[in-house]
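The values are calculated or read from the model by the stated rules, or taken from the named source; none is laboratory data. Model, not experiment: these values are computed from the prediction. For neighbour counting, all protein chains shown are included, and Cβ atoms are generated from backbone atoms with ideal geometry for every residue, glycine included. For the accessible areas, the whole protein counts, side chains as well, though only heavy atoms, and no ligand, DNA or RNA atoms are used. Shrake-Rupley method; radii C 1.70, N 1.55, O 1.52, S 1.80 Å.
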Amino acid sequence: MPVLKKIALTITSAALLSGFVLSPAVAADKDKSDDKQPKPPSTMSSLGGEQLGKAGTQVNLGAGAPVLPKKLSGRSWIVADAESGDVLAAHNAHWRLPPASTLKMLFADTVLPALQPTQTHTVSESELAGVGEGSSLVGIKEDHTYTVHDLWLGVFLRSGNDAVHVLSEMYGGLPQTVAAMQKHAEELQALDTVVVSPDGYDAPRQVSSAYDLTLIARSGMQKKDFREYAATASADFPGEKKKGKKRESFEIQNTNRLITGDIGVDPYQGIAGVKNGYTTHAGNTFTGVAERNGKVLLVTVMNPSAEESHAVYKEAAHLLDWGFSASGKVTPVGQLVPPKSLDTGISTGGKGAAPAADQGTGGQAKAAHASAASKGSSGVGVALAIIGGLLVVVAAGVFLVNRRWPVPGLGSRPAPEADGPEADAPEADAPEAKDSGATADAVPAAEPAAPAAEDAGKPADKS
């Protein structure tokens, strides 16, 4: 057969095959599938800058700036300079989406100042009754006593909804905690955020945005104890007390895979927190902070593709890499605004009040031990740097925990008002948590706690 004839047949066959694949019926099905994908609203908040209110990716590349990472699938994301407040790039930054357990950052930023870490509390059955079905748990037992410090470890490391409910009751009850969180969100100008459940469990109308979660993380990082918990890789947690025997403990590890690593995910060099989450409606969510060569960046990714394992961490890491390379080579697309109580702040170039001392409730920093060890699911090396009894990651984790963190304009902000009663007030019964039938942060509880239930046949998320 002549060569030209063979080529003609090949082209014809390819055309026929192409025609089959892209037939009108199939194309229509594809269009229908695309139509089912949620779309960002046509109008969103422009708080922080006009570009941030626009749908789609916003970036102003300058000379020598690297292009954004390819194949970013997150419905919403943002990369920002934690100190200057510059938003380097964003994608649907103000799209109001379910936040999952990243909302626990707001819970901690609100409640941490009101409770002393050494305070002890005996857990009642009613305090655990309202924990949503399938929630991630740290393994708290009724009629057992825990310190506030223990409970915060459960919140930050295991994303334990049981720990959140107990702390909420100590603060004054779930309704009071939700109201205080909402008030604090408004003070931070996290105006996309609506709080319904303090633990981030799926609930009707509960939303936040990549922009808001980044504001909240930036506020939380002003507190030394918040930084310590957020940077913790692993810690011992009190176990069940058996009659006549010394109470044992078990190890819990941080579910933030950029700290501990996992199959297919390397620990991110310079990571120092802050929070990950997963629910049925939110998908995977993540806010992280990292330092490189003195530059500190915040990144938030909401609901990336579920087809790739650990996509939320991989995309966050890619965006951090890009941000460190692009810093100084892009024109910001917006600013992280300061809290309402400040006249000027980081969004106006950082010319606010002079930095104040670290805000924190514990003030329990201790000298770090120099001994090294190997921890984490992928054998990531960490230093036994015990800060207030916490095991923190090496490098930036230690640097950012111990640095004089408050940035211009934010350090002078007063601590959030404790709308709840004093910590030793009588506990109230926890109301039944409202939810949409979804599981929140479906991470199996650490031994010896019972594992989280699977979500409608979908395996519990390991993020």
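Applying the condition of being in contact (Cβ under 8 Å) with a residue 60 or more places away in the chain and in a loop (DSSP other than H, G, I, E, B) to region 247-259 and asking which residue is surrounded by the most Cβ atoms within 10 Å (Cβ to Cβ) yields ASN254. Would you tally the residues in region 76-88 being farther than 11 Å from THR300 by Cα and of a type outside the set (Ser, Thr, Tyr)? Result for region 76-88: 7. Out of curiosity, is SER126 of a type outside the set (Phe, Trp, Tyr), assigned to a helix (DSSP H, G or I) and within 26 Å of LYS242 (Cα to Cα)? Spelling it out, SER126 is indeed of a type outside the set (Phe, Trp, Tyr), assigned to a helix (DSSP H, G or I) and within 26 Å of LYS242 (Cα to Cα).
Checked against (1) within 24 Å of MET221 (Cβ to Cβ); (2) at pLDDT 95 or above; (3) surrounded by fewer than 24 Cβ atoms within 10 Å (Cβ to Cβ), ARG292 meets all criteria but (2).
Against the criterion of being β-branched (Val, Ile, Thr) and in contact with a Gly (Cβ under 9 Å, 6 or more places away or on another chain), VAL138 qualifies.
Annotation: TYR201 fulfils all but one of (1) open to solvent by less than 10 Å² (accessible area, probe 1.4 Å); (2) within 14 Å of MET105 (Cα to Cα); (3) not in a loop (DSSP other than H, G, I, E, B); the unmet one is (3). Tallying residues that are open to solvent by less than 50 Å² (accessible area, probe 1.4 Å) and without any contact (Cβ under 8 Å) to a residue 60 or more places away in the chain within region 45-74 yields 2. Annotation note: of LEU157, LEU191, LEU115, the sole residue that is of a type in the set (A, V, I, L, M), open to solvent by 10 Å² or more (accessible area, probe 1.4 Å) and within 22 Å of VAL274 (Cβ to Cβ) is LEU191. Checking region 311-324 against the condition returns no match, with no residue being at pLDDT below 95, surrounded by fewer than 24 Cβ atoms within 10 Å (Cβ to Cβ) and more than 20 Å from ILE216 (Cα to Cα). Scanning region 260-269 for residues that are open to solvent by less than 10 Å² (accessible area, probe 1.4 Å) and either without any contact (Cβ under 8 Å) to a residue 40 or more places away in the chain or out of contact with any Phe, Trp or Tyr (no Cβ under 8 Å at 6 or more places or on another chain) (or both) returns THR260, GLY261. Among residues of region 300-315 that are within 18 Å of ASP266 (Cβ to Cβ) and part of a loop (DSSP other than H, G, I, E, B), those with a Cβ under 7 angstrom from a residue that is small (Gly, Ala, Ser) and open to solvent by 30 Å² or more (accessible area, probe 1.4 Å), sequence gap 6+ or separate chain, pair up as PRO304/SER73; SER309/GLY264; HIS310/GLY264.
When THR279 is tested against the conditions (1) crowded, with 17+ Cβ neighbours inside 10 Å; (2) within 19 Å of LEU153 (Cβ to Cβ), the lone failure is (2).
A quick yes/no check of all residues on (1) under 30 Å from GLY56 (Cβ atoms); (2) small (Gly, Ala, Ser); (3) open to solvent by less than 10 Å² (accessible area, probe 1.4 Å):
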{"residue": "SER76", "(1), (2), (3)": "yes, yes, yes"}
{"residue": "GLY85", "(1), (2), (3)": "yes, yes, yes"}
{"residue": "ALA89", "(1), (2), (3)": "yes, yes, yes"}
{"residue": "MET105", "(1), (2), (3)": "yes, no, yes"}
{"residue": "GLY130", "(1), (2), (3)": "no, yes, yes"}
{"residue": "ILE140", "(1), (2), (3)": "no, no, no"}
{"residue": "ALA163", "(1), (2), (3)": "no, yes, yes"}
{"residue": "LEU167", "(1), (2), (3)": "no, no, yes"}
{"residue": "GLY173", "(1), (2), (3)": "no, yes, yes"}
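Tell me, which residue of region 221-239 that is small (Gly, Ala, Ser) and outside any helix (DSSP H, G or I) is surrounded by the most Cβ atoms within 10 Å (Cβ to Cβ)? It comes out as ALA231. Among the numbered conditions (1) open to solvent by less than 10 Å² (accessible area, probe 1.4 Å); (2) over 27 Å from GLU83 (Cα atoms), the only one that GLY244 does not meet is (1). In the set GLY139, GLY154, only one residue is part of a loop (DSSP other than H, G, I, E, B) and closer than 25 Å to THR118 by Cα; that residue is GLY139.
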